[in-house]
Amino acid sequence: ATAIKIASPGVVDVYQGNELWNYCLVDPDNRTPVDFKLRENLLKEKANPADRDQLKIHYTMKGLLFRRKHKELFIGGDYIPLEVRGPGSRNVIAFIRRHGNDFALLAALRFFSALNFEKGYSVNSDFWNQTELILTNDMEYPSRLQNIFNEQFMDIKKQTLRASDLFESGCACMLTNI
């Protein structure tokens, strides 16, 4: 949900103190004490996304920094939902934010209880058997995009992206050409 709300249209709503997992059964209200020292140390050390406890602060930090650096993409940019096809399509949400030739493609998991996780929040690749994101035909895509969350590159060879590639190293990715 963190990656989705950061890339979605509108103002990002992140409650102070909820940069880490919060297992509370009520809405956050900013009245509980926040361990700022812990958060500061995690940010200084560059939070490790392979560590389950640091995953949310990693996505928050990377996503908000990218959003701040590319304001025009998120303030005045288009929102383009993407189609997902295949047996795992119900478990994926995906969309593009576009402004001119710049864009960011967000893909994230949903309905986690149906997923079989392996190490580091990656889903067993067999689950994604032929599940693909369908890229819109009205855009030109570069042959290579970079994931802002892990800085790895993904080659674009056709108008589809395999879910097994998108979620190989985590539960969300934001691919960009900028």
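Values quoted throughout were computed directly from the atomic coordinates according to the rules given, and no laboratory measurement underlies them. Since the model is a prediction, treat every value here as computed from it, not as a measurement. So basically every Cβ, Gly included, is an ideal-geometry build from the backbone, and we count neighbours across all protein chains shown.
How large is the helix-only mean residue ellipticity at 222 nm for the chain, computed as the sum of -39500 (n - 2.57) over DSSP H runs with n ≥ 4, divided by its residue count, in deg cm²/dmol to the nearest 500? Walk me through the numbers before you get to the answer.
Values: 5 runs with 39 residues, N = 178.
Result for the chain: -6000 deg cm²/dmol, rounded to the nearest 500.
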Placed amide H near Val92: partners under 5 Å, 5+ positions off or other chain: Arg110
Estimated FRET transfer efficiency (Arg90, Thr32; beta-carbon r; R0 45 Å; 0.05): 0.85
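Local charge sum around Ile156 (other residues, Cβ-Cβ under 12 Å, Lys/Arg +1, Asp/Glu -1)?
Neighbour charge sum, excluding Ile156 itself: +1.
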Charge context of Ala1, other residues only, Cβ under 10 angstrom, K/R +1, D/E -1: +3
Lys/Arg +1, Asp/Glu -1 at C-beta; the chain dipole; positive extreme among Asn137, Ala104, Cys171: Ala104
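Taking the Cα centre of the range 1-43 as origin, work out the dipole magnitude from +1 charges on Lys and Arg Cβ and -1 charges on Asp and Glu Cβ, in debye rounded to 20.
Numbers: 4 positive and 6 negative charges, 13 e Å.
The dipole magnitude comes to about 60 debye.
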Distribution of pairwise C-alpha distances over the chain, 5 Å bins, in %: 1, 8, 17, 20, 20, 17, 11, 5, 2, 0
Estimated dipole of the chain in Debye, rounded to 20 [Cβ of Lys and Arg +1, of Asp and Glu -1, Cα centre]: 200
Fully extended contour minus Cα-Cα distance, from Gln130 to Val14, at 0.36 nm per residue: 38.3 nm
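How much length would be gained if the chain were fully extended between Gln159 and Lys71, taking 0.36 nm per residue of separation minus their Cα-Cα distance, in nm to one decimal?
On the way: separation 88, 0.36 × 88 = 31.68 nm, distance 2.69 nm.
Extra length from Gln159 to Lys71 when fully extended: 29.0 nm.
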